[in-house]
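Everything on this sheet refers to the single structure shown next.
Values quoted throughout were computed directly from the atomic coordinates according to the rules given, and no laboratory measurement underlies them. All figures in this text were calculated on a predicted structure; none of them were measured in a lab. Glycine gets a Cβ as well: all are built from the backbone with ideal geometry, and neighbour counts include every protein chain shown.
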There are 2 protein chains.
Amino acid sequence: MSDRVILSVDAMGGDFGPRITLPASLSALRRYPFLTIHLIGDKPELERRLKKQRLPLSVVSRLVLVHAPDAVPMDEKPSLAIRNRQQSSMAMAVRLVSEGEVDACVSAGNTGALMAFGRLVLKMQPGIDRPAIITSVPTQSGHCYMLDLGANVDCTPENLLQFAIMGSVMAETVDGIARPTVGLLNVGEESIKGSELVRMANELILQQEGLNYIGYIEGSDVFSGKADVVVCDGFVGNIALKSCEGLTRLITKKVRHSFTKNMYRRFLAMLAQPVLREIQAQMDPSKRNGATMLGLQGIVMKSHGGADRKGFGYALDQAISEVRQNVPQKVSDRLASFVNTH
Amino acid sequence: MSDRVILSVDAMGGDFGPRITLPASLSALRRYPFLTIHLIGDKPELERRLKKQRLPLSVVSRLVLVHAPDAVPMDEKPSLAIRNRQQSSMAMAVRLVSEGEVDACVSAGNTGALMAFGRLVLKMQPGIDRPAIITSVPTQSGHCYMLDLGANVDCTPENLLQFAIMGSVMAETVDGIARPTVGLLNVGEESIKGSELVRMANELILQQEGLNYIGYIEGSDVFSGKADVVVCDGFVGNIALKSCEGLTRLITKKVRHSFTKNMYRRFLAMLAQPVLREIQAQMDPSKRNGATMLGLQGIVMKSHGGADRKGFGYALDQAISEVRQNVPQKVSDRLASFVNTH
């Protein structure tokens, strides 16, 4: 019983909807015998697609199709979604979390709408105003957490302070780091530099007790391991991380090109294939898919809208891992020990 | 005569000052027989360092040491630098451009102060309020221009519009692209997304005639070649590009690690060395060092503060290339054809 994990999946979310979410869900059910998925969306379409698959009973019996008469378009304003899309696959997926029917929900849909439904339905952790999208990023020494990655494009200094606290709590409770170092992303390390927002946030974070704040860090230090937690607003975080993904794709392409220029190089590539694969696997951005909306009273996992089957599968894995680690409860317990930030 | 290029170099700028700027300048003088450099800084120190080198007369005769009694600290506020550092190596380097003594100046110093001196001494191009740092970025199809990369951390929509115009003019005049595509960096491609700044800038750019504006692009498309010009504010641009540099370093390290795990792999690495070197050379961030402050009536080349000898050398190369291409004049001619943006 305690080992079982139940997820709700917004089948209609993302750029590809059920074309990706259905097979990715089935594949996860095959991988994890302890897993049950409530797949929420246009039931006739889901059933039609399901028929094409040959599935063992052991998998089908753990898949629950739930009909949602509506879906949130990717380009809809969050305020409109909240008003008009209560019967959408996304809203229903989030509601199942609040009702205790499932342990976590996963969606590749409209980020703003997902955040809005999360706040409305699940409510925020005490002392936190807005959820932040957080993910782990590889560094020279292991990994760090970076937040916010796009839930909040216009932030206040108070938001950034709360992100700092949540990120620190995450690194402490999930990774067991005693006093996680927290850095604020800026254009330079000198105290006179930066936007007004960042300088004001710096003042606030400096005053916050209980944080191991190391001050400003530059973009070049995100991957160096200088900080366990990297704090930024959602606009900057989203663009920085997506730029890095774009760069990874470019490098992969260049490497492939360099290794296929002539016969001799193709032969080398064959020999070096295990090494090249190993490197590529470490760098694969789709492996980093799946980012939590931290600060909600429940687990809402956001997948890239453009994620492929494998990528969406990683987001499901992430959700399972957070359920197993009981992340929201741990964060909530530890948050209570910080002085109220309001 | 017309082939000669004369640069002024702020010898005291950057994290390492003359330790980097002097040898990099000497090396450039050796590479380019047509080059003359005015090296500006603490003359006694420069002379002392110069004595240690054995130099042919053909090089020494093209190096002019100019004494500057002062230097701009890396963490000084631009407004203070403007008031108190008129006798600094940086201010003097910029003044030589305005006086027509040199064709361009190069500095690795305090970005804000360099921009402030540029605006004060060289003045802006008509219709442009603030300089933008622009650099070329590798893409799948070649390269694109990205601006601003850190000259302006707090931007207005009008600033972003002017960056779009300047970037477009740069791609048109330097690369000969007929109608360069211009994209505005945002967290999503949908029109409802983005910060307030970006949405307001989008409206403005849409109304601007003469631009081939393709709307929002995401971070993941910076390196895809979707746009010839990528426009963003200096805070986002700086962090995105520096994050990418950090990632490149991480990947380089991982590749090295993967190729040295055991004897067989080390043997492979030896065989593959030409390929690996080729890839590394293409990705080397220091090769991309040197970014112009576009919008000034004169060439001011900004090097990374932390650039090494090789990196600073690339910034010198860049300056020479822009002098040769007569970039500011071309930009100024073409800018005049745009409707006044004020």
Among A:SER136, A:SER61, A:SER303, which one moves the most in a GNM of chain A with springs linking Cα atoms closer than 10 Å?
A:SER61
Hydropathy at least -0.5 by Kyte-Doolittle, axial extent at least 20 angstrom from the Cα trace: which helices of chain A, defined as entire DSSP H runs, fit?
A:157-175, A:234-258
Using every alpha carbon pair in the protein assembly as shown, what percent of pairs falls into each 10 Å bin from 0 up to the bin containing the largest distance?
3, 15, 22, 24, 19, 10, 4, 2, 0
Of the candidates A:LEU247, A:LEU22, A:LEU160, which one comes out as most mobile in a Gaussian network treatment of chain A with C-alpha springs shorter than 10 Å?
A:LEU247
Tell me, A:LEU57, A:LEU96, B:LEU250 in order of fewest to most beta-carbon neighbours within 10 Å?
A:LEU57, B:LEU250, A:LEU96
Determine, for B:TYR145, A:TYR213, the number of other Cβ atoms within 10 Å of each Cβ, and report the residues in order from fewest to most.
A:TYR213, B:TYR145
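Which FRET efficiency, nearest 0.05, do B:VAL60 and B:ARG4 yield, Cβ-Cβ r, R0 22 Å? Intermediate results must be reported in sequence, preceding the final value.
Numbers: r = 17 Å, r/R0 = 0.76.
About 0.85, to the nearest 0.05.
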Taking Cα centroids, how far is the stretch A:16-35 from the stretch B:189-232 in Å?
35
In nm², what is the average projected area of the convex hull enclosing the Cα atoms of chain B?
19.3
Under the rule of at least 5 residues apart or a separate chain, name every residue whose amide H is placed under 5 Å from the amide H of A:THR36.
A:VAL5, A:ILE6, A:LEU7
In nm², the average projected area of the convex hull spanned by the Cα atoms of the stretch B:56-142 is 9.1
What fraction of the Cα pairs in the stretch B:135-285, stated in percent, has a spacing above 29 angstrom?
28
Calculate how many DSSP beta bridges within chain B are antiparallel, expressed in % of all such bridges and rounded to the nearest 5.
30
DSSP bridge orientation in the protein assembly as shown - percent antiparallel, rounded to nearest 5:
30
Proxy exposure order for B:HIS38, B:HIS143 (fewest C-beta within 10 Å first) is B:HIS143, B:HIS38
If R0 is 56 Å, what FRET efficiency do you get for A:LEU120 and B:ASP175 from their C-beta distance, rounded to 0.05?
0.70
Antiparallel %, DSSP beta bridges [both residues in the stretch B:1-99], to 5:
0
Modelled FRET efficiency - R0 41 Å, A:MET200 with A:SER321, Cβ distances, 0.05 increments:
0.70
